[in-house]
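Below is one structure, written out as structure tokens; the observations come after it.
The values are calculated or read from the model by the stated rules, or taken from the named source; none is laboratory data. None of the values given here were measured: they were computed from a predicted structure. Because the Cβ atoms are built from the backbone with ideal geometry, glycine has one as well, and the counts that use them run over all protein chains shown. With ligands, DNA and RNA removed, areas are computed over all heavy atoms of the protein, side chains included. Shrake-Rupley method; radii C 1.70, N 1.55, O 1.52, S 1.80 Å.
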Amino acid sequence: MLRVEGAGKSFERILFEGLDLNLATGERMSITGPSGCGKTTLLRCIAGLEDLQDGKIYLDDIEVTNIPPEKRGIGLLFQKPVLYHHLDVAGNLRLGKRDADVHSALKEVGLDGFADRRCEKLSGGEAQRVALARALLAEPKILLLDEPFSAVDEELRSRLLNDTIALLGSRGTTAVLVTHNIKEAESFSKNIMTM
């Protein structure tokens, strides 16, 4: 499904070099490590938002290293949910898929009845659930999660994490989670890489 071969990236210093990854379809992986070690940069390279200096990226055995991000079929969930406040929740979801079944998508993430809600009225956890629903509506080949639960309290973080794991499992979606939280990494996947 996802294969990274000999990936290398540096800015003022080397973040990673000779990095290899292999994920099967439906597999989940966690990446941990200290701030500034290159976790987010690696996700951005896989998504196509940053260029690798060395190495190649494959999705379903097709090289995507130089393919633009919008043509890769990769979903990315950020630490802060990216929602468009001039649109209501339904409008934001339709950015993921124009003919989206908004009510089913919201029910799936535990936000039944939120379609007409203004985004500025959402709590942090609700906003992240909307962002997750939108990402999944686009039916990505792989979902990359960049510390999406870190901005919420511990109880909500645990609930969001468990709901996300269940949702990814039921859909068979391949996913990579970046997190500082070792417990979170261990709950998300058996496959953990430390950078």
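Structure data summary
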| read-out | value |
| --- | --- |
| Apportionment of accessible area to carbon and sulfur, the chain, percent (1.4 Å) | 47 percent |
| Over 23 Å [Cα-Cα, the chain], rounded percent | 42 percent |
| Percent breakdown of C-alpha pair distances by 5 Å bin, ordered from the shortest bin, for the range 47-92 | 5, 17, 21, 18, 14, 11, 9, 4, 0 |
| From phi via Karplus (6.51, -1.76, 1.60), per-residue ³J(HN,Hα) for the range 180-195 in Hz, x at Gly/Pro | 8, 8, 4, 4, 4, 4, 5, 5, 6, 7, 7, 8, 10, 10, 9, 9 |
| Where Cα atoms sit under 23 Å apart: lysine pairs in the range 51-107 separated by 8 or more or lying on different chains | 5 |
| Violating pairs (Cα-Cα greater than 30 angstrom) within the set 39/141; 141/183; 121/190 | 121/190 |
| At 1.002 mPa s and 20 °C, Stokes D of the range 1-77 from Kirkwood alpha-carbon radius, µm² per second | 168 µm²/s |
| Mean Cα-pair separation over length for the range 51-195, i.e. relative contact order, pairs under 8 Å, 6 or more apart, % | 24 percent |
| Å² of accessible area per residue within the chain, as computed with a 1.4 Å probe and no ligands counted | 50 Å² |
| Residue 51 paired with residue 95, simple spin-label distance in nm, labels 7 Å along Cα-to-beta-carbon | 2.7 nm |
| Helix-only [θ]222 nm of the chain, DSSP H runs n ≥ 4, -39500 (n - 2.57) each, per residue, nearest 500 | -9000 deg cm²/dmol |
| DSSP-assigned coil residues among chymotrypsin sites (Phe, Trp or Tyr not before Pro) in the range 103-195, each with at most 14 further Cβ atoms within 10 Å | none |
| The range 95-195: trypsin sites (Lys or Arg not before Pro) falling in loop per DSSP and having at most 15 other Cβ within 10 Å | 97, 98, 190 |
| Amide H partners (placed H, <5 Å) of residue 76, local residues excluded | 144 |
| J(HN,Hα) series, the range 60-74, from Karplus relation 6.51 cos²θ - 1.76 cosθ + 1.60, nearest Hz, glycine and proline x | 6, 6, 10, 5, 10, 3, 10, 8, x, x, 5, 9, 8, x, 10 |
